[in-house]
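The values are calculated or read from the model by the stated rules, or taken from the named source; none is laboratory data. These numbers come from a predicted model, not from an experiment. With ideal geometry, Cβ positions are generated from the backbone for all residues, glycine too; neighbour counts draw on all protein chains shown. In case anyone asks, the SASA skips ligands and DNA or RNA and just uses the protein heavy atoms, side chains included. Shrake-Rupley method; radii C 1.70, N 1.55, O 1.52, S 1.80 Å.
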Amino acid sequence: MIVVPSTGRDVLDEIADRFDTVVGCSTPSGYDGFSGALTQARTARDRTSAAGVADFADTARAGLIAALDSEAARSVAAGALAPLRRHDAEQGSALVETLDAWLAQDCSHEATAQALGIHRHTVRARVAQAERVIDRDLSSFAARAELWAALRLAE
């Protein structure tokens, strides 16, 4: 018995099931947005491993960091964190742990100190040491955002 799909989505589901493949689906778009819709559909398809219809809306909800999660992005993240990890290993410090907690606590030295069970001056000293190790000014939002992304990708 052949079942005739009733909607466009049903057609996509049928194709994915019949051919055991992933079909990427963009957000609705007019003809003038075809190029962007095609990019969305390919992105959704490439970010999904299980057969079926992969909606770009679901991919977009996963967030930007999830979209960056690739071998290349993880390699760049590891490279960015390498000086800190090396310093921690050689000096017995906890710069990576401190920075991760500091960023999670919205850069509050007090909240980070409480979270780690250390003194707030220790947090300040570790953040300052980390700035010297990576040669970045962490008072800059862009530097903090890159560091935060590197920590998320390197997990």
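Going by what's in this entry, would Arg9 be described as open to solvent by 80 Å² or more (accessible area, probe 1.4 Å), at pLDDT below 85 and assigned to a helix (DSSP H, G or I)? Taking the combined requirement at face value, the residue satisfies it. A Cβ distance below 7 Å, combined with a sequence gap of six or more or placement on separate chains, defines the contacts here; from the stretch 100-125, residues that are in contact (Cβ under 8 Å) with a residue 24 or more places away in the chain reach residues that are open to solvent by 60 Å² or more (accessible area, probe 1.4 Å) and part of a helix (DSSP H, G or I) in the pairs Leu103/Trp148.
Of all residues in the stretch 129-144, those being open to solvent by 40 Å² or more (accessible area, probe 1.4 Å) and either acidic (Asp, Glu) or without any contact (Cβ under 8 Å) to a residue 24 or more places away in the chain (or both) number 9. Could you list all residues from the stretch 22-32 that are over 15 Å from Ala60 (Cβ atoms) and open to solvent by less than 60 Å² (accessible area, probe 1.4 Å)? The answer is Val22, Val23, Gly30.
Out of the residues in the stretch 77-128 meeting the condition of being modelled with pLDDT under 95 and surrounded by 17 or more Cβ atoms within 10 Å (Cβ to Cβ), tell me which one is farthest from Glu155 (Cα to Cα). Selected residue: Ala80.
Per-residue answers, yes or no, for (1) of a type outside the set (Phe, Trp, Tyr); (2) farther than 30 Å from Ala149 by Cα; (3) in contact with a Lys or Arg (Cβ under 7 Å, 6 or more places away or on another chain):
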| site | (1), (2), (3) |
| --- | --- |
| Val11 | yes, yes, no |
| Thr21 | yes, yes, no |
| Tyr31 | no, yes, no |
| Ser35 | yes, no, no |
| Leu38 | yes, no, no |
| Arg45 | yes, no, no |
| Thr59 | yes, no, yes |
